[in-house]
Amino acid sequence: MRLTNQTQRIEALRRVPLLAGLSRAKLGELAHRAEEVNVPKGAYLTREGVSGAEVYVVLDGSFVIRQGSQKKDTLKTGQVFGEMSLIDGLPRTANVVAERACVVLAVHRKDFSQLLDSPRITQGIMRSLAQRLRESDSKVRG
């Protein structure tokens, strides 16, 4: 599956809460620069302990997040992953594996860094990371 239409890519990016503060022009620029990737079932998009150079937006499909042999969560259409490694420069914290054939947009480090120039995007990233920390903390305590 390919979303070759620029309008479809922009709309897919617009639905990502992390990117909600971007103007249509910025979304268009990001959609143009992002690389659309078809991911076969069982393929690893990230590997725990390996340095990352992209953040991913799930356009279609679902991925399992694993740390070691433990399943931690599932990512579905519209969700973003991989930004932590781009923010702090540390290796990936988990394996992300396609549950079925999927399509993602890969945003490369230089393009992601340009997004951080927008205070609204930076705030969105901070909210997203804080939410993940709260969810992780509640799972540990629960």
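The values are calculated or read from the model by the stated rules, or taken from the named source; none is laboratory data. These figures come from a predicted structure and were not determined experimentally. All Cβ positions, even for glycine, are placed from backbone atoms using ideal geometry, and neighbour counts span all protein chains on display.
Observations on the structure shown:
- Candidate set from region 7-20 (those that are in contact (Cβ under 8 Å) with a residue 24 or more places away in the chain and in contact with a helix residue (DSSP H, G or I) (Cβ under 6 Å, 6 or more places away or on another chain)); member that is surrounded by the fewest Cβ atoms within 10 Å (Cβ to Cβ): 18
- In region 119-142, the residues that are under 15 Å from residue 22 (Cα atoms) and charged (D, E, K, R) form Cβ pairs under 6 Å with partners that are assigned to a loop (DSSP other than H, G, I, E, B) and modelled with pLDDT of 70 or more, at six or more places apart or across chains, as follows: 120/21.
- Criterion violated by residue 81 - all others in (1) of a type outside the set (A, V, I, L, M); (2) under 16 Å from residue 16 (Cα atoms); (3) in contact (Cβ under 8 Å) with a residue 60 or more places away in the chain satisfied: (3)
- Residue, nearest to the chain's Cα centre (by Cα), within region 81-99, restricted to residues that are at pLDDT 90 or above and surrounded by fewer than 18 Cβ atoms within 10 Å (Cβ to Cβ): 93
- Where residue 73 falls short, out of the listed (1) touching a residue at least 24 places away in the same chain (Cβ under 8 Å); (2) touching a strand residue (DSSP E or B) at 6+ places or on another chain (Cβ under 9 Å): (1)
- None of 129, 105 is under 13 Å from the mean Cα position of the chain (by Cα) and within 20 Å of residue 14 (Cβ to Cβ) except 105.
- Selection from region 21-52 of residues that are exposed (fewer than 13 other Cβ atoms within 10 Å of the Cβ) and closer than 21 Å to residue 87 by Cβ: 35, 49, 50, 51
- Residue satisfying condition, being out of contact with any Pro (no Cβ under 7 Å at 6 or more places or on another chain), modelled with pLDDT of 90 or more and farther than 24 Å from residue 9 by Cα, within set 48, 135, 36: 48
- Residues that are within 20 Å of residue 76 (Cβ to Cβ) and among the hydroxyl-bearing types (Ser, Thr, Tyr), drawn from region 2-32: none
- The set of residues from region 46-76 being touching a Phe, Trp or Tyr at 6+ places or on another chain (Cβ under 6 Å) and more than 23 Å from residue 5 (Cβ to Cβ) comprises just one member, 75.
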